[in-house]
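S.K.: Take this structure, written in structure tokens, and hold onto it; I'll ask about it next.
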Amino acid sequence: MGQGLKYTIKKVNEGEDELTLKYQNVTPEVERVLKFMNGEQMRLVGVSNDVKAIIEPNEILYVESVDGKLFVYTEKDVLRLDYTLSQMTEMLSGINFFRCSKSMIINIDKVHKLRSLASNRIDATMQSGEHIIISRTYASNFRKRLKGVSEDD
């Protein structure tokens, strides 16, 4: 109890694609996965150049808090959202996002390359070519997350 949702990902070379969810209680994390499985994906509304735009989490490269304002970066746009970084961390926690510093959340699925740096930091090159530094405070949990180990383990 008190642990995050554990998951196993396995690529198969034959047979049908299958997604199974086993749960005892409907926690917020389980609820997000159920909504995803039922096609009810989360959509966020952001503002870019005074125009509202709808964005889905899978389009997000990273989220950054700058001077108390929250920005979402995609390969094409930068959108301003009316959430705090803590709210976004909670909203995206059941998806493949990771808090990589005090001011930033990255989409693990959009990481192209990783390189270890001095002082136990990690340089994550995003699909866009941008470099995001994962601070040493968060690097250990990031490595565990990549290995499929819950941060609470």
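The values are calculated or read from the model by the stated rules, or taken from the named source; none is laboratory data. What you see is a predicted model, and the numbers here were worked out from it, not measured in a lab. No Cβ is skipped: glycine too gets one built from the backbone with ideal geometry, and neighbour counts run over all protein chains shown. Accessible surface is based on the protein model in full, side chains and every heavy atom, while ligands, DNA and RNA are left aside. Shrake-Rupley method; radii C 1.70, N 1.55, O 1.52, S 1.80 Å.
S.K.: Which condition number in (1) open to solvent by 60 Å² or more (accessible area, probe 1.4 Å); (2) touching a residue at least 60 places away in the same chain (Cβ under 8 Å); (3) within 23 Å of residue 30 (Cα to Cα) is the one that residue 130 fails?
M.R.: (3)
S.K.: Now for a different question. Looking at 35, 52, 76, which one is in contact with a strand residue (DSSP E or B) (Cβ under 7 Å, 6 or more places away or on another chain) and without any contact (Cβ under 8 Å) to a residue 24 or more places away in the chain?
M.R.: On the way: 35 fails: in contact with a strand residue (DSSP E or B) (Cβ under 7 Å, 6 or more places away or on another chain); 76 fails: in contact with a strand residue (DSSP E or B) (Cβ under 7 Å, 6 or more places away or on another chain).
It is 52.
S.K.: If you don't mind, there's one more thing I want to ask. Report every pair of residues separated by at least 6 positions or lying on different chains whose Cβ atoms are under 7 Å apart, first residue within segment 135-153 and within 12 Å of residue 7 (Cα to Cα), second modelled with pLDDT of 90 or more.
M.R.: If the second residue must be modelled with pLDDT of 90 or more, the pairs left are 145/98.
S.K.: Only residues that are open to solvent by less than 60 Å² (accessible area, probe 1.4 Å) and farther than 22 Å from residue 75 by Cβ: list them for segment 99-127, please.
M.R.: Within segment 99-127, just 117 meets the criteria.
S.K.: Yes or no: residue 148 of a type in the set (Gly, Ala, Ser), over 16 Å from the mean Cα position of the chain (by Cα), surrounded by fewer than 20 Cβ atoms within 10 Å (Cβ to Cβ) and on the phi > 0 side of the Ramachandran plot?
M.R.: Spelling it out, it is not the case that residue 148 is of a type in the set (Gly, Ala, Ser), over 16 Å from the mean Cα position of the chain (by Cα), surrounded by fewer than 20 Cβ atoms within 10 Å (Cβ to Cβ) and on the phi > 0 side of the Ramachandran plot.
S.K.: Against the conditions (1) under 22 Å from residue 140 (Cβ atoms); (2) touching an Asp or Glu at 6+ places or on another chain (Cβ under 7 Å), where does residue 43 fall short? Just the number, please.
M.R.: All conditions pass for residue 43, except number (1).
So that you can scan it fast, the table gives a plain yes or no per residue for (1) touching a residue at least 40 places away in the same chain (Cβ under 8 Å); (2) of a type outside the set (A, V, I, L, M); (3) under 22 Å from residue 7 (Cβ atoms):
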position: 57; (1), (2), (3): yes, yes, yes
position: 64; (1), (2), (3): yes, yes, no
position: 83; (1), (2), (3): no, yes, no
position: 86; (1), (2), (3): no, yes, no
position: 89; (1), (2), (3): no, yes, yes
position: 98; (1), (2), (3): yes, yes, yes
position: 102; (1), (2), (3): no, yes, no
position: 114; (1), (2), (3): no, no, yes
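S.K.: Sort out for me the strands (runs of 3 or more DSSP E) sitting completely within segment 1-86 that have 3 or more residues that are open to solvent by 60 Å² or more (accessible area, probe 1.4 Å).
M.R.: 51-55
S.K.: Before we move on, is residue 96 among the polar types (S, T, N, Q), open to solvent by less than 20 Å² (accessible area, probe 1.4 Å) and touching a strand residue (DSSP E or B) at 6+ places or on another chain (Cβ under 8 Å)?
M.R.: no
S.K.: Here is a follow-up. Going residue by residue through segment 1-16, is there one that turns out to be of a type in the set (A, V, I, L, M) and in contact (Cβ under 8 Å) with a residue 40 or more places away in the chain?
M.R.: Yes, segment 1-16 has at least one match.
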